[in-house]
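A.B. asks: So that we are looking at the same thing, I have put the structure below in structure tokens.
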Amino acid sequence: MRFVPQFTDGQEFPHALGKVVCVGRNYADHAKELDNPVPNEPLLFIKPATSVVDLNKPLDPPFSRGDVHYEVELALLVGETLTHATQDEAERAIVGIGLAMDLTLRDVQTQLKEKGHPWEIAKAFDGACPLSLFLPLSRVPNWNALAFTLEIDGEERQHGEGADMIFAIPMLVAEMSRHFTLEPGDVILTGTPAGVGELPRGATLRLTLTGGLEITTSVVE
Ligand code: ZN
């Protein structure tokens, strides 16, 4: 069954979820913690629709394949087709904001990076993208004022702000649309701030986003 994006007011989005277009290293402090250079153009990758699961259900990633890292990210729901969009067009096509986890098999990814191979099996596996409900957007928000957090067992591990992104949202979405046509139901992940780490089994997670999104979920034992 295809995942259908839903809004916090109970409305279902009229299109099934499509691809998830992601950016790596969009926060300088996170690039630094993984010893990666800060890029001068966005480092893009895609998670397929099959990687998306409901963030409200217990997370059950493949722990048997090595370290699973959490990365909390601001998620944008695309409402219109975008190809070679301007920043204005890109900004106006966003119809919802939510939160997602870009789950990463870090050991697997490190080995792939060393060999210069693609990352897909480390980032695009089934369950690799737990996704929240979306706050509906009726107008373009002040992206710089957005803030989000991740707590694990009551302790804050990640705190991100729109203002700290290397590539601001309108520019990022426009750039993505130069490489991949974005369609209604596609989701954009905007990168993770510092504080990534191993996802502990059995943990309780709490995620918040300014504007009223608050999620409590868990990780399987
Ligand atoms: Zn990420």
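A.B. asks: Show 186, 88, 126 ordered by accessible area, largest first, where the area counts protein heavy atoms only and the probe is 1.4 Å. Mind dumping the intermediate values first?
C.D. replies: Working: 186 5, 88 90, 126 115 Å².
Solvent-accessible surface, decreasing: 126, 88, 186.
A.B. asks: Could you order 149, 216 by accessible surface area, starting with the largest, using a probe radius of 1.4 Å?
C.D. replies: Largest accessible area first, the list is 216, 149.
A.B. asks: Is the chain best put as rounded, prolate or oblate by its Cα gyration tensor, with a ≥ b ≥ c the root eigenvalues, rounded for a/c under 1.5, and otherwise prolate when a/b is larger than b/c, oblate when not? Mind dumping the intermediate values first?
C.D. replies: Numbers: a/c = 1.38, a/b = 1.18, b/c = 1.17.
Rounded.
A.B. asks: Over the heavy atoms of residue 138, what accessible area does a 1.4 Å probe trace out, to the nearest 10 Å²?
C.D. replies: 120
A.B. asks: With a point put 7 Å past each Cα toward its Cβ, work out how far residue 28 is from residue 119 in nm, to one decimal.
C.D. replies: Calculated label separation equals 2.1 nm.
A.B. asks: Could you state how much accessible area residue 151 has, in square angstrom rounded to the nearest 10, with a 1.4 Å probe and all protein chains kept in place?
C.D. replies: The accessible area comes out at roughly 40 Å².
A.B. asks: Would you grab the residues whose amide H sits under 5 Å from the one on residue 192? Only those 5+ places off in sequence or on another chain, please, with H modelled 1.01 Å from N.
C.D. replies: Under 5 Å from the amide H of residue 192 lie the amide H atoms of 25, 26, 27, each far enough along the sequence or on another chain.
A.B. asks: Would you tally the net charge around residue 12, using a Cβ to Cβ cut-off of less than 14 Å, leaving residue 12 out, and scoring K and R as +1, D and E as -1? Could the numbers behind the result be given before it?
C.D. replies: Numbers: positive: 2; negative: 9, 54.
My count for the surroundings of residue 12 gives -1.
A.B. asks: Using 0.36 nm times the number of residues separating residue 54 and residue 180, minus their current alpha carbon distance, what extension gain do you get?
C.D. replies: Contour length minus the Cα-Cα distance gives 42.9 nm.
A.B. asks: What is the extension gain from residue 11 to residue 89, computed as 0.36 nm multiplied by their sequence separation minus the C-alpha to C-alpha distance, in nm to one decimal?
C.D. replies: 25.7 nm
A.B. asks: Based on DSSP H runs of at least 4 residues, each adding -39500 (n - 2.57), what is the mean residue ellipticity at 222 nm of the chain after dividing by all its residues, to the nearest 500 deg cm²/dmol?
C.D. replies: Rounded to the nearest 500, the figure is -4500 deg cm²/dmol.
A.B. asks: Got a number for the accessible area of residue 69? Probe 1.4 Å, square angstrom, nearest 10.
C.D. replies: Looks like 30 Å² after rounding.
A.B. asks: Next question, about the same structure. Over 15 Å, how big is the tail of the calculated P(r) for the range 81-163, in percent of all Cα pairs?
C.D. replies: Of all Cα-Cα distances in the range 81-163, 73 percent exceed 15 Å.
A.B. asks: To the nearest 0.05, how large is the calculated FRET efficiency for residue 44 and residue 67 if R₀ is 25 Å and r is the Cβ-Cβ distance?
C.D. replies: Working: r = 24 Å, r/R0 = 0.95.
Taking R0 as 25 Å, the efficiency between residue 44 and residue 67 is 0.60.
A.B. asks: Here is a further query. Calculate, for the range 20-218, the solvent-accessible area per residue in square angstrom, rolling a 1.4 angstrom probe over the heavy atoms of the protein chains.
C.D. replies: 43
The values are calculated or read from the model by the stated rules, or taken from the named source; none is laboratory data. Predicted, not measured: the structure shown is a model, and the values here were computed from it. Cβ sites come from the backbone with ideal geometry, for glycine too, and all protein chains shown count toward neighbours. Surface areas here come from the heavy atoms of the whole protein model, side chains and all, with no ligands, DNA or RNA. Shrake-Rupley method; radii C 1.70, N 1.55, O 1.52, S 1.80 Å.
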